[in-house]
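The values are calculated or read from the model by the stated rules, or taken from the named source; none is laboratory data. Note that the coordinates shown come from a computational prediction; the quantities given were computed from them, not determined experimentally. In this analysis, Cβ positions are derived from the backbone assuming ideal geometry, glycine residues included, and neighbour counts consider all displayed protein chains.
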Amino acid sequence: MHAAAGSASVAGTVLDVSGASVSGADVGLMHEDGTQVHTMVSEADGEFNFTNIPAGSYLVTVNAKGFSPFTSAEFAVAMLQAYEVPDVSLSVATSILEVTVRPTELIAAEQIRAEEKQRIIGVLPDFYTSYVYNAAPLTSKQKFSLATHATFDPVAMLGVGIAAGIEQASNSYPGYGQGAAGYSKRFAAKFVDGRSSDYLTHAIFPALLHQDPRYYYQGSGSVKSRLVHAVNSAFVARSDSGRSMPNYSYLLGDLSAGALSNLYYPKANRGAGLVFTNTAVGLAGRIGLNIVREFFSKRVTPDASGDGKE
């Protein structure tokens, strides 16, 4: 872009902070009002020279790859003057690192959605196994949501029906009787057993005690270390802050669910024995399930997300 010819000139040398010349920089000569007058590229030695410039007030701008933009102070040029622009020194551009901070709750929600797709051999729910060893902690709302999703899963309901059928065939809890009425009572008892246990151990007590109800897949180390991890996980929980602590949620949840069972089991079977029997069964089942999770589930869960402790 060219303006009316004049008798003055504006020159200078583009340097970096070390004093080395910068070639190939885009140099612009502008009027004080921002109107561009001339543009050129600095020479191999960093020099630039605008000639035939009318008298007036100007600014020089410099842009070069890898450097921060430079704008000179305003200067006045008289007729016939050869003006030298001082201190055209470019500083290295500061990289702008854009860091997106995502709320922990959002990360946890995404991880839950992945966990809710996990099914052993594509059928059996594996929602409470976290294959991401450093998963984000769950909010209380998320704990209840995951418990609801798991406990009312169609496969879980099928399991209730099968368990009730086995009890019917073996005449467990004979006070329920036989026939359709007996099966219905057994089904209702197993249904309430499972739902109360799930909510108490996976949602209510974990929310109150700030504990994570999930099993964290280790997946590495010796067989002994993995076995110890699986068994210990029935007794040691991860807190919402990431610390290890006694698994009060499972213990209190199993005891509470056992106590509730006294409300609907046959009178002949009620009492402390029923509570502790159901608690022991729940604990033993959890240990066995953890061992299956650690050594078997990952290989037959197509949607398992994560590889455990690396």
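Descriptive notes on the structure:
- Only one of the numbered conditions (1) within 18 Å of Lys143 (Cα to Cα); (2) out of contact with any Leu (no Cβ under 6 Å at 6 or more places or on another chain) is not met by Gly273, and that is (1).
- Test for Leu263: is it free of Cβ contacts under 8 Å to residues at least 60 places away in the same chain, surrounded by fewer than 16 Cβ atoms within 10 Å (Cβ to Cβ), in the same structural domain as Ala136 (by TED's automatic domain parsing) and farther than 21 Å from Gln111 by Cα: yes
- Residue, farthest from Val77 (Cα to Cα), within region 4-26, restricted to residues that are of a type in the set (S, T, N, Q) and modelled with pLDDT under 90: Ser18
- Qualifying residue in region 224-238 (condition: closer than 27 Å to Lys117 by Cα and hydroxyl-bearing (Ser, Thr, Tyr)): yes
- Unique residue being small (Gly, Ala, Ser), over 21 Å from Lys143 (Cα atoms), touching a residue at least 12 places away in the same chain (Cβ under 8 Å) and not in a strand (DSSP E or B) when the list is Ala280, Ala230, Ala284: Ala230
- Within region 60-174, helices (runs of 4 or more DSSP H) holding 1 or more residues that are farther than 30 Å from Lys185 by Cβ: 104-115, 140-151
- Note on region 41-58: residues that are over 50 Å from the mean Cα position of the chain (by Cα) and either closer than 22 Å to Val17 by Cα or in a loop (DSSP other than H, G, I, E, B) (or both) amount to 8.
- Scanning region 151-169 for residues that are surrounded by 20 or more Cβ atoms within 10 Å (Cβ to Cβ) and closer than 20 Å to Ser249 by Cβ yields one hit, Thr151.
- Test result for Ala114, small (Gly, Ala, Ser), at pLDDT 90 or above and under 27 Å from Ser7 (Cα atoms): no
- Qualifying residue in region 19-38 (condition: surrounded by fewer than 12 Cβ atoms within 10 Å (Cβ to Cβ) and in contact with a Ser or Thr (Cβ under 6 Å, 6 or more places away or on another chain)): no
- Test: residue in region 228-235 that is of a type in the set (S, T, N, Q) and at pLDDT below 90: no
- Members of region 196-227 found to be in contact with an Asp or Glu (Cβ under 8 Å, 6 or more places away or on another chain), of a type in the set (Gly, Ala, Ser) and not in a loop (DSSP other than H, G, I, E, B), listed by number: Ser197
- Test result for Ser256, part of a helix (DSSP H, G or I), closer than 29 Å to Ser140 by Cα and touching a strand residue (DSSP E or B) at 6+ places or on another chain (Cβ under 6 Å): no
- Residue in region 158-168 that is within 21 Å of Thr279 (Cα to Cα), free of Cβ contacts under 8 Å to residues at least 40 places away in the same chain, among the charged types (D, E, K, R) and in contact with a helix residue (DSSP H, G or I) (Cβ under 7 Å, 6 or more places away or on another chain) present: yes
- Of the listed requirements (1) in contact (Cβ under 8 Å) with a residue 24 or more places away in the chain; (2) surrounded by 14 or more Cβ atoms within 10 Å (Cβ to Cβ), Pro174 misses just one: (2).
- The condition of being surrounded by fewer than 16 Cβ atoms within 10 Å (Cβ to Cβ) and within 30 Å of Gly12 (Cα to Cα) does not hold for Glu105.
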